[in-house]
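Chemist: Take a look at the following structure, please.
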Amino acid sequence: MTHQKLVLHILLTLSAVICLPGCDLMEYHPYDTRFSGARNINATNVERIEQATAGRKQLCFAVISDTQRWYDETHKIVDHINATEGVDFVIHCGDLTDFSLTDEFVWMRDELQRLRVPYVVALGNHDCLGTGKTVFSDMFGVFEYSFNAGNTHFAVINTNGLEFTAGAGFFGASFLYNNYTSLPATTERTVVVMHVPPGSDQFPMDRTHGYLEALEPYPAVQFAVCGHEHSTVVRHPFADGVPYYQVACADKRSYLLFHLNADGTYDYEEILL
Amino acid sequence: MIMKKFCFKSALGSLLLLALSVCPANLYATSPEAPEKPKFKELLKPNVVTVQYAGGIGCVSAGMGWERCKKRSLTELLLGHVPHYHKTQSLTTITLRQYYTPWEVKLPLPSTCKGALKLRPLTVGAYINTVLFDGDFWTHEPTSHYGGDYYRFTTRVRFALSLGQRLTYEFPEEWKHLGEAAELYYDFSANELSIISAVPNKRVTLADILSLGVGARWKF
């Protein structure tokens with residue numbers, strides 16, 4: 001190689017690196033809030049769920065949670081749900097990330113986007129660090145929302161008490177009160193979705209004042225689903241006997257599959273991969 | 001908590017000491033009539049100005065550097081700016097970076113060109129980046145809030161490793177009033193949180209965690 005060619009070769013390599021297309025490599029900061037790809041996912045998927053299940057009394061949905069930093073395991077869970085017939089949608093109970101890095105949100109979103117059926121995501125406490133709240137709201141939407149799948153109302157609430165300090169009692173009560181006014185007349189039962197279960201570190205029992213009162217007018221609150229503590233457990237934290245199904249983290253390679261029946265009953269199974 | 005704080009401060013201190021006090025200034029190392037022990041004040045004088053785009057430490061970062069140890073060691077202190085990271089707010093960061101370049105290759109220049117063109121095919125580096133002036137980030141999670149050991153990491157400070165290359169043009173004698181040299185460089189870096197995300201997961205690849213930074217240096 002002549003000298004001129006060598007210099008040209010090196011300069012070309014340098015300029016190719018500098019002008020690399022895509023620019024995903026050109027990161028400004030791990031907590032920079034810029035990201036490419038799908039945004040406002042919850043609202044988009046809620047619309048898909050409501051359209052696909054309109055008028056139905058029978059539903060089947062999967063619940064996953066705490067997938068943070070378990071990308072390979074989440075990949076397998078997504079594959080399994082995709083191969084399961086009859087699933088209408090998937091609920092993720094929060095903690096998509098461990099450190100709230102923007103890259104973590106993108107990696108986990110790209111795994112979940114592989115789901116054949118629509119999915120919705122609740123906010124987890126690990127998604128609230130640094131600029132996590134901003135990225136979460138850009139990528140998925142508001143922290144508290146609700147949707148109607150057939151005759152069932154799903155209220156997704158924020159129970160990350162340490163990340164949202166606002167006096168004593170339940171800080172999400174105002175959402176439940178306001179949300180009730182927009183409940184469709186066809187609602188026959190209610191399912192509550194949250195990240196931290198009542199009685200846990202971020203949502204201790206002494207901060208649940210106002211929670212049951214706000215939930216009281218909702219028709220037939222059958223059960224709640226939650227995550228946070230990384231194991232599959234069923235609890236009955238309140239005297240009303242409503243079960244709270246806690247879903248294990250992705251590391252346990254497990255998820256819950258709920259079947260809501262037309263006669264108003266339901267059953268569920270834990271799927272272990 | 002106290003222990004952690006102590007360790008962080010001493011890590012910063014050690015890096016500075018390593019770069020500034022152990023290595024004699026290149027100027028003196030090559031000049032036969034120079035005094036054997038350069039004055040401490042001389043050692044503190046920066047001899048590099050750096051501007052960088054991206055690379056995980058800001059959109060645009062700028063600062064100064066100290067090139068020592070026969071130009072094998074470079075220590076830099078940079079201020080970085082991330083615009084609109086939080087809708088309307090911007091983010092300011094500070095980076096302390098240490099490079100080591102084991103060797104350099106002199107590249108041929110056409111006979112009409114004066115000066116010297118040198119490639120450093122490998123630069124290895126490490127940096128500490130800290131977010132300044134923002135309440136959303138903590139070095140130690142607030143004890144009052146989380147009890148002190150809930151998340152067990154810092155959102156404010158990142159540690160990263162980097163690999164890259166440099167192309168340096170050393171000015172000919174008649175240009176020396178402009179300085180010693182000009183340099184273009186790039187680095188691929190990965191921070192510690194990305195590395196621990198990628199290690200146990202096949203789905204997270206090296207390309208996913210790398211961040212590219214490109215920049216220019218003026219040496220005087």
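Just so you know, all these numbers are worked out from the coordinates, no wet-lab data involved. Just so it is clear, the model here is predicted, and its values are computed rather than measured. Reconstructed Cβ throughout: ideal geometry from the backbone, glycine too, with neighbour counts over all protein chains shown.
Chemist: May I ask for the distance between the Cα centers of region A:181-233 and region A:51-97, given as a whole number of Å?
Modeler: 19 Å
Chemist: Determine, for A:Tyr268, B:Tyr150, the number of other Cβ atoms within 10 Å of each Cβ, and report the residues in order from fewest to most. Mind showing how you got there, number by number?
Modeler: Values: A:Tyr268 17, B:Tyr150 14.
Final ranking by Cβ density, sparse to dense: B:Tyr150, A:Tyr268.
Chemist: Under the definition of Cα pairs under 8 Å and six or more residues apart, what whole-number percent is the relative contact order of chain A? Write out the running numbers ahead of the final one.
Modeler: Values: 543 pairs, mean separation 56.3, N = 273.
Rounded, it is 21 percent for chain A.
Chemist: Do you know the relative contact order of region A:125-273, to the nearest whole percent, from alpha carbon pairs under 8 angstrom that are 6+ apart?
Modeler: Values: 245 pairs, mean separation 24.4, N = 149.
It comes to 16 percent, rounded to a whole number.
Chemist: Which of rounded, prolate or oblate describes region A:110-195 when judged by the alpha-carbon gyration tensor and an a/c cut-off of 1.5?
Modeler: Values: a/c = 2.46, a/b = 1.13, b/c = 2.18.
Oblate, because a/c is 1.5 or more while a/b does not exceed b/c.
Chemist: Based on a Kirkwood Rh over C-alpha pairs, give the Stokes-Einstein translational diffusion coefficient of chain A at 10 °C and viscosity 1.306 mPa s in µm²/s.
Modeler: Values: Rh = 19.8 Å.
Estimated via Stokes-Einstein, D reaches 80 µm²/s.
Chemist: Do the sum for chain A: with -39,500 (n - 2.57) for every DSSP H run of n ≥ 4, divided by all residues, what is the mean residue ellipticity at 222 nm, to the nearest 500 deg cm²/dmol? Intermediate values should be presented prior to the final figure.
Modeler: Values: 7 runs with 74 residues, N = 273.
It comes out at -8000 deg cm²/dmol, rounded to the nearest 500.
Chemist: Also, quick follow-up: How much space per residue, in cubic angstrom, does the convex hull of the C-alpha atoms of region A:132-179 take up? Walk me through the intermediate numbers first.
Modeler: Numbers: hull volume 4.2 nm³, N = 48.
Taking the convex hull of the Cα positions in region A:132-179, it is 88 Å³ per residue.
Chemist: Which is the longest stretch in chain A that no exposed loop site breaks, taking sites as GluC sites (Glu not before Pro) with a DSSP loop state and at most 15 other Cβ atoms within 10 Å? Display every interim value, and only then the final one.
Modeler: Working: sites that count: A:Glu85, A:Glu188.
Formally, the longest exposed-site-free interval is A:86-187.
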